[in-house]
Amino acid sequence: MKHFFLYIFIFTLLSFQFTNGYGQSSTENIPEGYRLMKVYCYVCHNPEVKSHDQMLAPPMMMVKKHYKPTYPDKKDFVETIVSWVHHPSTEKVLMPGAVRKFKIMPPLAYPEKDLIAIAEYMFDHEMDKPAMMQQMQGNKSRQEMQMEKSQVVLNDGKKWKVDASTITTMKEVNGMLTAFKGQEVKDYHQLGKDIFAKAKVMIMDENNKGEAFEQLHNFFHGMEGNMHKLMEVTTTEEGEKYRALLKVHARTFGDYFE
(Lines give C-alpha, C1' and ligand atoms only; values in the text may rest on other atoms or scores of the structure.)
Protein backbone atom coordinates (compact mmCIF):
# COMPACT_ATOMS: atom_id res chain seq x y z
CA MET A 1 0.00 0.00 0.00
CA LYS A 2 2.85 2.41 0.81
CA HIS A 3 4.19 1.93 -2.74
CA PHE A 4 0.79 2.89 -4.17
CA PHE A 5 0.65 6.21 -2.28
CA LEU A 6 4.28 6.90 -3.16
CA TYR A 7 3.52 6.54 -6.88
CA ILE A 8 0.45 8.77 -6.54
CA PHE A 9 2.60 11.44 -4.89
CA ILE A 10 5.22 11.12 -7.61
CA PHE A 11 2.64 11.43 -10.40
CA THR A 12 1.23 14.60 -8.79
CA LEU A 13 4.71 16.02 -8.36
CA LEU A 14 5.62 15.35 -11.98
CA SER A 15 2.44 16.96 -13.23
CA PHE A 16 3.34 20.09 -11.26
CA GLN A 17 6.91 20.06 -12.55
CA PHE A 18 5.79 19.73 -16.15
CA THR A 19 3.41 22.67 -15.95
CA ASN A 20 6.14 24.82 -14.43
CA GLY A 21 8.75 24.16 -17.11
CA TYR A 22 10.78 21.66 -15.09
CA GLY A 23 14.25 21.35 -16.60
CA GLN A 24 13.38 23.39 -19.69
CA SER A 25 16.36 25.75 -19.56
CA SER A 26 18.93 23.12 -20.58
CA THR A 27 16.99 20.78 -22.87
CA GLU A 28 17.58 22.37 -26.27
CA ASN A 29 20.03 19.67 -27.40
CA ILE A 30 18.60 16.78 -25.39
CA PRO A 31 16.48 14.18 -27.25
CA GLU A 32 12.85 14.48 -26.28
CA GLY A 33 12.62 10.82 -25.27
CA TYR A 34 15.55 11.19 -22.87
CA ARG A 35 14.17 14.41 -21.40
CA LEU A 36 10.81 12.77 -20.78
CA MET A 37 12.45 9.69 -19.30
CA LYS A 38 14.33 11.82 -16.79
CA VAL A 39 11.13 13.61 -15.83
CA TYR A 40 8.77 10.63 -15.68
CA CYS A 41 10.96 7.61 -15.01
CA TYR A 42 14.01 8.71 -13.04
CA VAL A 43 12.01 9.62 -9.96
CA CYS A 44 11.82 5.87 -9.27
CA HIS A 45 14.23 4.33 -11.82
CA ASN A 46 17.01 6.70 -10.77
CA PRO A 47 20.50 5.63 -11.91
CA GLU A 48 22.12 8.01 -9.43
CA VAL A 49 21.16 6.14 -6.24
CA LYS A 50 24.19 5.01 -4.28
CA SER A 51 22.84 1.87 -2.58
CA HIS A 52 20.22 -0.85 -3.01
CA ASP A 53 18.40 0.45 0.07
CA GLN A 54 17.71 3.74 -1.74
CA MET A 55 16.27 2.09 -4.84
CA LEU A 56 12.54 2.35 -5.55
CA ALA A 57 12.73 0.45 -8.86
CA PRO A 58 15.42 -1.06 -11.10
CA PRO A 59 17.46 1.36 -13.26
CA MET A 60 16.38 1.84 -16.86
CA MET A 61 19.53 0.14 -18.14
CA MET A 62 18.34 -3.09 -16.52
CA VAL A 63 14.80 -2.60 -17.84
CA LYS A 64 16.13 -2.38 -21.38
CA LYS A 65 18.42 -5.38 -20.79
CA HIS A 66 15.38 -7.51 -19.95
CA TYR A 67 12.94 -6.21 -22.55
CA LYS A 68 14.94 -5.85 -25.75
CA PRO A 69 15.97 -9.54 -26.08
CA THR A 70 12.29 -10.54 -25.72
CA TYR A 71 11.09 -7.79 -28.07
CA PRO A 72 13.88 -7.23 -30.64
CA ASP A 73 11.46 -5.57 -33.06
CA LYS A 74 11.23 -1.85 -32.30
CA LYS A 75 7.48 -1.62 -32.83
CA ASP A 76 6.83 -4.54 -30.48
CA PHE A 77 9.27 -3.14 -27.92
CA VAL A 78 7.59 0.28 -27.89
CA GLU A 79 4.09 -1.16 -27.69
CA THR A 80 5.11 -3.42 -24.81
CA ILE A 81 6.65 -0.60 -22.77
CA VAL A 82 3.60 1.62 -23.30
CA SER A 83 1.24 -1.21 -22.39
CA TRP A 84 3.22 -2.02 -19.25
CA VAL A 85 3.17 1.55 -17.94
CA HIS A 86 -0.56 1.96 -18.57
CA HIS A 87 -1.58 -1.57 -17.52
CA PRO A 88 1.11 -3.42 -15.53
CA SER A 89 0.28 -6.99 -14.54
CA THR A 90 2.04 -10.12 -13.32
CA GLU A 91 1.34 -11.78 -16.69
CA LYS A 92 3.51 -9.16 -18.42
CA VAL A 93 6.40 -9.24 -15.93
CA LEU A 94 9.86 -9.66 -17.45
CA MET A 95 11.75 -8.74 -14.27
CA PRO A 96 10.32 -11.13 -11.68
CA GLY A 97 13.15 -10.61 -9.20
CA ALA A 98 12.58 -6.85 -9.25
CA VAL A 99 8.84 -7.32 -8.78
CA ARG A 100 9.45 -9.54 -5.76
CA LYS A 101 11.71 -6.83 -4.29
CA PHE A 102 9.86 -3.63 -5.23
CA LYS A 103 6.32 -4.95 -5.89
CA ILE A 104 4.49 -4.36 -9.15
CA MET A 105 4.07 -0.71 -10.10
CA PRO A 106 0.58 0.81 -10.30
CA PRO A 107 -0.80 1.94 -13.68
CA LEU A 108 0.39 5.42 -14.60
CA ALA A 109 -1.75 7.68 -16.80
CA TYR A 110 1.10 9.32 -18.71
CA PRO A 111 0.30 10.53 -22.27
CA GLU A 112 0.82 7.77 -24.82
CA LYS A 113 2.84 10.03 -27.12
CA ASP A 114 5.30 10.71 -24.28
CA LEU A 115 5.66 7.01 -23.48
CA ILE A 116 6.24 6.24 -27.15
CA ALA A 117 9.04 8.84 -27.25
CA ILE A 118 10.61 7.32 -24.13
CA ALA A 119 10.37 3.75 -25.42
CA GLU A 120 11.80 4.69 -28.83
CA TYR A 121 14.72 6.41 -27.11
CA MET A 122 15.28 3.33 -24.94
CA PHE A 123 15.35 1.06 -27.97
CA ASP A 124 17.78 3.21 -29.95
CA HIS A 125 20.20 4.44 -27.27
CA GLU A 126 22.33 3.22 -24.40
CA MET A 127 20.83 3.89 -20.98
CA ASP A 128 22.66 5.79 -18.24
CA LYS A 129 24.87 3.44 -16.26
CA PRO A 130 23.82 3.18 -12.59
CA ALA A 131 26.11 4.98 -10.17
CA MET A 132 26.41 1.84 -8.04
CA MET A 133 27.77 -0.08 -11.01
CA GLN A 134 30.29 2.63 -11.79
CA GLN A 135 31.48 2.62 -8.18
CA MET A 136 31.88 -1.15 -8.10
CA GLN A 137 33.62 -1.24 -11.46
CA GLY A 138 36.23 1.09 -10.04
CA ASN A 139 37.44 -1.77 -7.85
CA LYS A 140 36.21 -4.93 -9.59
CA SER A 141 36.01 -6.30 -13.08
CA ARG A 142 32.63 -6.89 -14.72
CA GLN A 143 33.27 -10.63 -14.55
CA GLU A 144 33.92 -10.46 -10.80
CA MET A 145 30.71 -8.47 -10.28
CA GLN A 146 28.70 -10.99 -12.31
CA MET A 147 30.14 -13.90 -10.33
CA GLU A 148 29.26 -12.26 -7.01
CA LYS A 149 25.65 -11.66 -8.05
CA SER A 150 25.31 -15.23 -9.30
CA GLN A 151 26.98 -17.01 -6.40
CA VAL A 152 24.80 -19.60 -4.70
CA VAL A 153 25.76 -20.95 -1.28
CA LEU A 154 24.39 -23.83 0.76
CA ASN A 155 22.38 -23.45 3.95
CA ASP A 156 25.10 -24.23 6.48
CA GLY A 157 26.18 -27.15 4.34
CA LYS A 158 22.63 -28.27 3.58
CA LYS A 159 20.39 -27.74 0.56
CA TRP A 160 17.75 -25.02 0.61
CA LYS A 161 14.13 -26.11 0.91
CA VAL A 162 12.00 -24.75 -1.94
CA ASP A 163 8.40 -25.34 -2.93
CA ALA A 164 7.64 -28.73 -4.50
CA SER A 165 6.29 -27.00 -7.62
CA THR A 166 9.70 -25.35 -8.08
CA ILE A 167 11.40 -28.75 -8.14
CA THR A 168 8.86 -29.97 -10.71
CA THR A 169 9.27 -26.89 -12.91
CA MET A 170 13.06 -27.14 -12.79
CA LYS A 171 12.83 -30.75 -13.96
CA GLU A 172 10.79 -29.47 -16.89
CA VAL A 173 13.50 -26.91 -17.67
CA ASN A 174 16.17 -29.63 -17.69
CA GLY A 175 13.97 -31.74 -19.93
CA MET A 176 13.41 -28.88 -22.38
CA LEU A 177 17.13 -28.13 -22.64
CA THR A 178 18.02 -31.80 -23.11
CA ALA A 179 15.31 -32.77 -25.61
CA PHE A 180 15.51 -29.62 -27.74
CA LYS A 181 16.13 -30.17 -31.45
CA GLY A 182 16.41 -26.76 -33.09
CA GLN A 183 16.26 -26.45 -36.86
CA GLU A 184 16.23 -22.66 -37.24
CA VAL A 185 17.47 -19.63 -35.35
CA LYS A 186 13.92 -18.74 -34.36
CA ASP A 187 13.65 -22.09 -32.56
CA TYR A 188 16.49 -21.07 -30.27
CA HIS A 189 14.88 -17.69 -29.68
CA GLN A 190 11.70 -19.43 -28.60
CA LEU A 191 13.61 -21.83 -26.35
CA GLY A 192 15.18 -18.86 -24.55
CA LYS A 193 11.74 -17.32 -24.03
CA ASP A 194 10.28 -20.64 -22.83
CA ILE A 195 13.09 -21.17 -20.32
CA PHE A 196 12.68 -17.62 -19.06
CA ALA A 197 8.93 -18.16 -18.63
CA LYS A 198 9.63 -21.19 -16.44
CA ALA A 199 12.21 -19.27 -14.40
CA LYS A 200 9.71 -16.46 -13.94
CA VAL A 201 7.15 -18.86 -12.46
CA MET A 202 9.67 -20.12 -9.92
CA ILE A 203 10.90 -16.67 -8.91
CA MET A 204 7.38 -15.26 -8.62
CA ASP A 205 6.23 -18.15 -6.41
CA GLU A 206 5.53 -16.54 -3.02
CA ASN A 207 6.03 -19.91 -1.32
CA ASN A 208 9.76 -19.42 -1.91
CA LYS A 209 10.77 -16.80 0.61
CA GLY A 210 13.53 -15.57 2.89
CA GLU A 211 17.09 -16.64 2.25
CA ALA A 212 15.92 -19.64 0.23
CA PHE A 213 14.35 -17.23 -2.25
CA GLU A 214 17.49 -15.06 -2.32
CA GLN A 215 19.59 -18.09 -3.22
CA LEU A 216 17.03 -19.16 -5.83
CA HIS A 217 17.19 -15.67 -7.30
CA ASN A 218 20.99 -15.87 -7.38
CA PHE A 219 20.79 -19.21 -9.18
CA PHE A 220 18.62 -17.83 -11.96
CA HIS A 221 20.68 -14.65 -12.13
CA GLY A 222 23.51 -16.94 -13.21
CA MET A 223 21.33 -18.19 -16.10
CA GLU A 224 19.79 -14.86 -17.04
CA GLY A 225 22.53 -13.58 -19.32
CA ASN A 226 22.62 -16.79 -21.35
CA MET A 227 18.81 -16.86 -21.60
CA HIS A 228 18.89 -13.36 -23.08
CA LYS A 229 21.74 -14.28 -25.43
CA LEU A 230 19.81 -17.35 -26.59
CA MET A 231 16.92 -15.05 -27.51
CA GLU A 232 19.28 -12.94 -29.64
CA VAL A 233 21.46 -15.51 -31.46
CA THR A 234 21.93 -15.09 -35.20
CA THR A 235 23.10 -18.63 -36.04
CA THR A 236 22.12 -22.12 -34.90
CA GLU A 237 25.75 -22.73 -33.90
CA GLU A 238 25.56 -19.79 -31.54
CA GLY A 239 22.24 -21.11 -30.28
CA GLU A 240 23.80 -24.48 -29.49
CA LYS A 241 26.55 -22.75 -27.53
CA TYR A 242 24.14 -20.98 -25.21
CA ARG A 243 21.81 -23.96 -24.93
CA ALA A 244 24.78 -26.03 -23.76
CA LEU A 245 25.77 -23.40 -21.18
CA LEU A 246 22.21 -23.23 -19.85
CA LYS A 247 22.01 -27.01 -19.73
CA VAL A 248 25.18 -27.26 -17.62
CA HIS A 249 23.97 -24.57 -15.22
CA ALA A 250 20.47 -26.01 -14.91
CA ARG A 251 21.86 -29.42 -13.96
CA THR A 252 23.50 -27.93 -10.84
CA PHE A 253 20.10 -26.94 -9.38
CA GLY A 254 19.90 -30.14 -7.37
CA ASP A 255 23.25 -29.37 -5.74
CA TYR A 256 21.68 -26.46 -3.86
CA PHE A 257 17.91 -27.00 -3.65
CA GLU A 258 15.48 -29.73 -2.64
Select from segment 189-231 the residues that are more than 21 Å from residue 178 (Cα to Cα) and aliphatic (A, V, I, L, M) and write down the one among them that is surrounded by the most Cβ atoms within 10 Å (Cβ to Cβ).
216
Having 3 or more residues that are over 20 Å from residue 242 (Cα atoms) and modelled with pLDDT of 95 or more is the bar; report the helices (runs of 4 or more DSSP H) wholly within segment 138-220 that clear it.
164-179, 185-204
Checking 167, 203, 195 in turn, the sole residue that is in contact with a Pro (Cβ under 6 Å, 6 or more places away or on another chain) and not assigned by TED's automatic domain parsing to the domain that holds residue 66 turns out to be 203
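The values are calculated or read from the model by the stated rules, or taken from the named source; none is laboratory data. Since this is a predicted model, take the numbers as computed values, not measurements. Cβ sites come from the backbone with ideal geometry, for glycine too, and all protein chains shown count toward neighbours.
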